[in-house]
């Protein structure tokens with residue numbers, strides 16, 4: 001591969017992978033915070049308000065990370081992928097500009113009010129600012145996925161005499177059949193991420209607070225832990241199911257129909273078969289064009305794709321090599337990691353929900369440990385999911401229309417791309433460390449106490465602080481969280 | 001249609017300069033006008049709820065540029081590759097210094113972020129001015145409409161080896177630094193009381209005379225490096241009103257400040273920024289990125305524009321969308337009107 005092409009691709013891949021961790025978390029957490037705020041408004045229970053504020057702090061940190069790592073994405077279309085922008089700006093300019101007008105303004109304007117306005121604003125207005133941030137982030141996701149959907153499955157355009165693409169139908173672009181399922185799949189993935197983090201942190205508080213040597217503060221946090229685990233599981237279960245069926249399933253059907261090479265590559269299917277098996281595990285061997293050490297379920301791939309057990313699925317060998325994704329093994333692994341994790345998520349959440357129903361969840365130490373350890377995995381599933389979409393689209397930038405090798409900035413040399421790539425790597429390493437450090441501190445402070453966070457201790461006097469930290473666990477815990485005690 | 005979008009994008013950039021201009025200027029002054037931690041938090045809280053929204057005008061302007069002038073976006077962004085990457089890093093550092101500072105109450109942690117915040121803001125005011133300078137002066141566009149400019153060359157006023165930083169763009173950059181610092185001081189005066197306000201007034205008094213000097217320098221050298229501006233202005237002499245109104249804005253702002261009329265002095269400074277930009281925009285039209293040396297190779301609103309259907313259909317959502325944005329932006333500014341009262345919750 002041409003070094004300039006390689007480094008421009010790596011540049012984008014690195015910055016998008018780091019960026020993508022954060023919006024997936026905030027879009028899911030935004031929904032959960034709106035649920036907490038709604039309950040606070042409805043019940044007037046201060047505990048929901050405090051829970052929302054606790055998550056608001058972590059949300060604020062993650063949101064800032066998402067914003068600052070998102071700005072370079074919009075720039076890079078022009079800086080590193082100039083020929084792509086020039087050729088497709090007449091189409092995707094719509095969705096990129098709409099994201100600015102309808103999403104960025106909304107979320108950034110109300111974020112400040114949401115994070116810092118809870119004293120100045122009425123409860124309703126504060127609820128609305130939380131909702132506006134949530135809505136803005138989901139609208140933002142829509143327009144970005146709409147842009148990507150056009151690249152995956154271009155519609156509503158024509159190629160002009162000078163080779164540039166021109167939009168011909170606004171509504172086709174926004175009603176792209178690819179868009180609906182990809183958007184829902186991405187968004188349910190975000191909700192899975194938010195739910196697992198909330199449940200995982202809740203489980204951590206419960207495990208801490210239930211120890212016999214737990215401090216009164218830890219016991220107080222454990223009461224919030226119940227709220228978090230319960231909400232995380234109640235939202236996480238449907239989201240984990242929906243991310244697979246129907247959204248993931250329909251997404252795969254779309255890939256099979258419109259990107260047969262990508263489909264064969266991600267499934268690890270080399271030979272065209274009637275009644276193709278579903279590969280669970282195995283290593284693609286590109287020299288001999290076969291899968292090593294496969295564990296397969298016969299006929300299931302045909303059934304899942306075409307709803308018939310003996311349907312024919314085209315393998316890579318019957319597709320011209322210049323149409324193949326250029327990194328079949330990585331694509332295959334990304335897809336299988338995503339699907340494997342997704343299956344585990346459903347299992348974890350089913351088990352947790354069953355225990356919750358039987359009122360045993362909060363005492364089941366094994367399940368709480370499992371929930372705590374599960375929290376980071378949706379991030380891996382998100383990343384590998386995005387890799388599945390993007391590696392599968394190769395060797396195209398716009399599927400069937402513009403090849404990746406024709407899209408990067410010809411005037412920006414590999415050396416310049418390496419320069420900024422190294423800069424971003426250093427900066428993002430620093431950002432990542434700072435984010436984890438500050439988020440861990442907020443988790444350490446916990447949701448419950450008075451005077452447990454530096455924000456609160458600045459509240460002028462600082463006199464009530466000792467009492468706050470040692471404050472007794474409240475006894476008027478809402479009954480909804482009491483099961484299992 | 002292309003011309004309409006040209007002015008729409010220019011308007012978004014102008015709003016960006018006025019809004020993010022004051023919080024960048026505030027940042028550049030931060031270390032100077034606020035010495036203690038409560039003072040610094042007061043300054044940060046004066047821009048806290050709005051700086052993020054202000055910055056979005058740049059992003060939304062960029063988005064509108066992809067839509068309306070894809071060739072300009074592609075050529076400009078790839079040609080200014082290195083400075084744009086640095087702008088990105090500065091924007092990132094600036095944003096996280098505002099967000100991260102408050103999370104730790106430590107006499108080591110907070111001053112670090114104060115310095116990062118202030119230095120990145122200051123550099124951004126210079127870079128934004130230099131960017132404008134580059135667009136006015138023109139770049140060595142090739143036949144394919146692309147270019148790649150070195151970061152700097154010789155800084156000599158003669159010769160054709162243009163750099164992204166050269167004597168002209170640096171002059172514009174320094175003028176921008178002075179203008180935005182003054183603008184930021186107007187904002188701080190408007191939003192604060194006591195010691196901080198006095199220091200901001202002092203800063204404004206100091207920056208005002210060199211600002212006038214640099215405005216004169218920039219105006220003179222602009223006519224020198226970009227002859228088209230003079231041609232356009234002479235063709236429509238009424239256009240000379242634009243820089244005159246700008247001059248009136250900055251003169252009246254200084255008078256209003258002396259008279260203690262805070263809002264009026266801020267608006268005067270805003271008018272100065274807007275009308276200076278309008279003069280430039282009017283002077284360059286129909287060029288959007290002049291080709292240095294060969295005006296015929298320039299990118300113009302016509303040869304850089306997107307397809308007509310895309311421009312037309314976008315108006316249908318752009319206009320209602322922006323009315324909505326202006327509506328709630330106004331609402332938010334009204335919500336936080338008046339002097340900052342130090343709040344334990346924010347920054």
Residue pairs, Cβ under 6 Å, 6 or more apart or interchain, first in the stretch A:416-427 and closer than 15 Å to residue B:83 by Cα, second in a helix (DSSP H, G or I). List them. A:416/B:81; A:417/A:7; A:417/A:8; A:417/A:11; A:418/A:7; A:420/B:85; A:421/A:11; A:424/A:15
So residue A:222, is it at negative phi, surrounded by 23 or more Cβ atoms within 10 Å (Cβ to Cβ) and in contact with a strand residue (DSSP E or B) (Cβ under 9 Å, 6 or more places away or on another chain): no
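From B:280, B:325, B:340, which residue is assigned to a helix (DSSP H, G or I), buried (at least 19 other Cβ atoms within 10 Å of the Cβ) and within 13 Å of another protein chain (Cβ to nearest Cβ)?
Working: B:280 fails: within 13 Å of another protein chain (Cβ to nearest Cβ); B:340 fails: assigned to a helix (DSSP H, G or I).
Just one listed residue meets the conditions, B:325.
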Counting only residues that are out of contact with any strand residue (DSSP E or B) (no Cβ under 6 Å at 6 or more places or on another chain) and more than 7 Å from chain B (Cβ to nearest Cβ), which one in the stretch A:88-102 is surrounded by the fewest Cβ atoms within 10 Å (Cβ to Cβ)? A:95
Checking the conditions here, which among B:151, B:84 is surrounded by fewer than 19 Cβ atoms within 10 Å (Cβ to Cβ) and either facing chain A (nearest Cβ under 7 Å) or under 24 Å from the mean Cα position of the chain (by Cα) (or both)? B:151
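Return a yes/no flag: does the stretch B:195-203 have any residue that is in contact with a helix residue (DSSP H, G or I) (Cβ under 8 Å, 6 or more places away or on another chain), part of a helix (DSSP H, G or I) and crowded, with 24+ Cβ neighbours inside 10 Å.
yes
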Mind listing whichever residues of the stretch A:62-82 are more than 7 Å from chain B (Cβ to nearest Cβ) and more than 23 Å from residue A:142 (Cβ to Cβ)? A:80
Restricting the stretch B:295-313 to residues that are away from every other protein chain (no Cβ under 14 Å) and in contact (Cβ under 8 Å) with a residue 40 or more places away in the chain, the one nearest to residue A:91 (Cα to Cα) turns out to be B:301
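We did not get these values from a lab; they are worked out from the coordinates using the rules stated. In this text, all values refer to a predicted model and were calculated from it rather than measured experimentally. Note that we place each Cβ from the backbone using ideal geometry, even for glycine, and neighbour counts take in every protein chain shown.
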